1. How fast does the stretch 54-104 diffuse by Stokes-Einstein, in µm²/s, taking the Kirkwood radius from C-alpha pairs at 4 °C and 1.567 mPa s?
2. Identify the residues of the stretch 73-87 with backbone N under 13 Å of a label point that sits 7 angstrom from the Cα of residue 55 along the Cα-to-Cβ direction, or state none.
3. What distance in nm lies between label points placed 7 Å from Cα along the C-beta direction at residue 100 and residue 75?
4. Across bins of 10 angstrom width beginning at 0, how are the C-alpha pair distances of the stretch 14-99 distributed, in whole percent?
5. Need the full-extension length gain, residue 89 to residue 35, defined as separation in residues times 0.36 nm minus the C-alpha distance. One decimal, nm.
C-alpha cells in the first residue's frame, strides 16, 4: 500500500492506470484505447485521482474517506491523500459525507 497519493500525475502507476485502462474507471463499461472513461459524467463522478486512490487502497472511496475522517482531522486526511482541503470538501459532498456531532 502506497502511503501517499501526492505524486498523482507524476506517478508512473497513475499514468499507466489512465493510459492502459480497458474499462471505464467509474462504471466499468468499455472504453476506447487511451481513454480511461466512457463519458464525461463518469469522469465527473470519479475523477482520476479518486479512482487511483480507490485502486491503491482497494477500498471504495466513501468507505475510505469515512474511515480516515473518523480517525483523523480533515487537514491530515487531505495532506495524507495528497489532495487540497478544497478537493476533500468536494469529494465529501459527492459522496454524501456529512460531519455529525453527537452528545452522549
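1. Rounded to a whole number, D works out at 113 µm²/s.
2. No residue qualifies, since no backbone N sits under 13 Å from the label point.
3. 2.7 nm
4. 17, 49, 26, 7, 0
5. 16.8 nm is the gain from fully extending residue 89 to residue 35.
Where a number appears in this text, it was derived from the coordinates with a stated rule and is not lab data. All of these numbers come straight from a predicted model, not from anything done at the bench. Heads up, the Cβs are rebuilt from the backbone with ideal geometry, glycines too, and the neighbour counts pull from every protein chain shown.
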